[in-house]
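Step one of this worksheet: look at the structure below.
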Amino acid sequence: MELASERFLLDGIVAAQEFYHSRKWTDGLPVVPPTAEAVEKCLEWAMLPPDHLVGIEPVRARRITAEKLAINSVMAGCLPMHFPVVVTAFTAMLREPFLLHGATASTGGCAILIVVNGPIRQELGMDGTFNALGSSDRATTTIGRAVRLALYNLLDVRPGDVDRSTLGHPGKISYCLAEDEENSPWLPLAEERDIPQHASAVTVMSAGAPRQLMNEWTTEPEQILDTFCAEIKASMRHYSIYPGNYAIVVPPQLRTHFTNAGWSKADIRQYVFENAKIYRREWADCGKGAVVGSRGDTEYQALSEPDDLLVIAAGGPAGGFGAVIPPWFGPKSKACTVAIGACVDCEIQ
Amino acid sequence: MSIEVLDPTYGGGANAFALAGRLASLEGKTVGIISNGKRGTRPFFASLEKYLKQAGAARVVWHTKANYSAPAEASITADVKNWDAAFVGIGD
Amino acid sequence: MHDAITVEKLGIPAVGVMTTRFVSAADLMARVLGADGYRYVAIEHPISSADEEALDAEAKQALNEGLAILSG
């Protein structure tokens, strides 16, 4: 296997840390030094030649190759078996509707939310239960980090460089979770987004930080969703009013109530579509009166259509805590879903 | 203990290069076809071969790639030097 | 596009044939490969389901446009 990347001979693992940090090739955390052997193992596992073109970032006309993704994956701490997920996440991010450059350069500071579905979750020991939005397991933590390191190193998405985020959020270190399909009565997210049943897939979304909510005082699906809708509406008022992909994370304690009432994800999406909306005049209640103007009666919906809501079953067994994850900025970036390993003949979009 | 590590950064785009010299006519020339072998390419290139010969090409050499998603293999590119022009496709 | 550029770099003029659906990707690929503005032939998409008569007409078009590209 012929790797094209330049090589450096260093004095050891500790020396490697300073070497990579001083060149701004890392996020500040230690890296696993990417040797040719480790990189080749990733490529062999994924059955990809080093120069396999994962995709092209169109704004800067940069080719993203399997070799470079593998190097950054090794650095992040990925094992070879994690690598196909990184490749698939990047394939999805390079889809035109995702608008990767805009999403990663913006002052809005979104991160790349990565949701994994299918059998690969078990193969990699992914855990969609405890601490699902934190560091739940090795696979999701390292995969999320690999994506961020690749953005740093292949697209110069470093703070103050291409990345102009004012604040950003902790998801920019790693923002990957596995859906808890085994404990959910619902269809997996990927299957809802047209991936065949039993296939493994990755969904990516340009996402703000999660906004945690709590409702342990009702068993009515509508009332639980009213809490989610209230959080969405707050984001519309306080952050950005424009419609786009929202994600909601529903833990087991709340999923039970939907199951008992026979509610599917489609029912949830329809309810949120109909109820998550505000009037422009509500801006006046939160310090934005100056821009209400004469259009106070204009109504804004969080979702342009019900399918814009990503419903994710995840979280530990106890606690009526859910989360709302808002979009980067309205409809500019669209969530994309790609099956793992299926893209033998994908067009480079 | 020393270790050899790889550069994680972008490898750089291709530099601009000069295109090959132009060809005024196909009269008496050898034209190579590199087909990616996808569905529909066979009848397309069969017709193209016919029209190339009508336009004066003396010889048409036809190669089909083993893997349509990958660049043409070395055995094909090795033959290119024997041609005067090439038709390559079909990108879809 | 990649193969057409490879042939050009080997010193032989190449006519790339793409379908109309691939045009924007082809232009981007040409730019990435150092051949910004590279001229090629665009035929109707799709070809996988086109009948022989349609493909014959496309081939004729490809030849005519190809000759113009080859002669510069």
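Quick one: if you stick a label point 7 Å off each Cα along the C-beta vector at A:ALA15 and A:LEU29, how many nm between them?
2.6
Testing the spin-label approximation: label points 7 Å from Cα along Cα→Cβ at B:MET1 and A:THR107. State their distance in nm.
5.0
Let's test the formula: R0 of 45 Å, r as the Cβ-Cβ distance of B:ALA70 and A:THR259. What FRET efficiency results, to the nearest 0.05?
0.40
Would you mind ranking A:SER165, A:SER264, A:SER294 by Cβ crowding within 10 Å, fewest neighbours first?
Listing A:SER165, A:SER264, A:SER294 from fewest to most nearby Cβ atoms yields A:SER294, A:SER264, A:SER165.
Take A:MET75, A:MET126 and order them by how many other Cβ atoms sit within 10 Å, fewest up front.
In increasing order of surrounding Cβ atoms, one gets A:MET126, A:MET75.
Quick check for you: which residues of the range C:6-39 have the amide N under 19 Å from the point 7 Å beyond the Cα of B:ALA18 toward its beta carbon?
In the range C:6-39, the label zone of B:ALA18 (backbone N under 19 Å from the point 7 Å along Cα→Cβ) covers C:6-14, C:34-39.
To check you understand DSSP bridge types, tell me what percent of the beta bridges within the protein assembly as shown (both residues inside) are antiparallel, rounded to 5.
50
What ranking do B:VAL80, A:VAL324 get, fewest neighbouring Cβ atoms within 10 angstrom at the top?
Ordered by Cβ neighbours within 10 Å, fewest first: B:VAL80, A:VAL324.
What FRET efficiency would be calculated for the residue pair B:ARG39, C:SER71, taking the C-beta separation as r and a Förster radius of 25 Å, to the nearest 0.05?
The calculated FRET efficiency here is 0.20.
So who's got an amide H within less than 5 Å of the one on C:ILE43, skipping anything under 5 residues away but keeping other chains? H placed 1.01 Å off N, in plane.
So C:ILE43 has HN proximity to C:MET18, C:THR19, C:THR20.
As a test, work out the antiparallel percent of DSSP beta bridges whose residues both lie in the range A:209-325, rounded to the nearest 5.
So the antiparallel bridges in the range A:209-325 amount to around 65 percent.
Would you mind giving the mean number of other chain beta-carbons within 10 Å of the Cβ of each residue in C:17-26, as a whole number?
Average neighbour count from other chains, rounded to a whole number: 5.
For chain A, what mean projected area does the convex hull of the alpha carbons give, in nm²?
Computed as one quarter of the Cα hull surface, the answer is 18.1 nm².
Can you tell me the FRET efficiency between C:THR20 and A:GLU299 if r is taken as the Cβ-Cβ distance and R0 is 35 Å, rounded to the nearest 0.05?
The calculated FRET efficiency here is 0.30.
For the cross-link pairs B:LYS29/C:LYS60; A:LYS41/B:LYS38; A:LYS332/B:LYS38; A:LYS334/B:LYS65; B:LYS53/C:LYS9, which exceed 28 Å when the distance is taken from alpha carbon to alpha carbon?
Beyond 28 Å between Cα atoms: A:LYS41/B:LYS38; A:LYS332/B:LYS38; A:LYS334/B:LYS65.
Laboratory data are not the source of any read-out in this text; all were calculated from the coordinates shown. The model shown is predicted, which means the values in this text are computed figures rather than measured ones. As a convention, Cβ positions derive from the backbone with ideal geometry for all residues, glycine included, and neighbour counts pool all protein chains shown.
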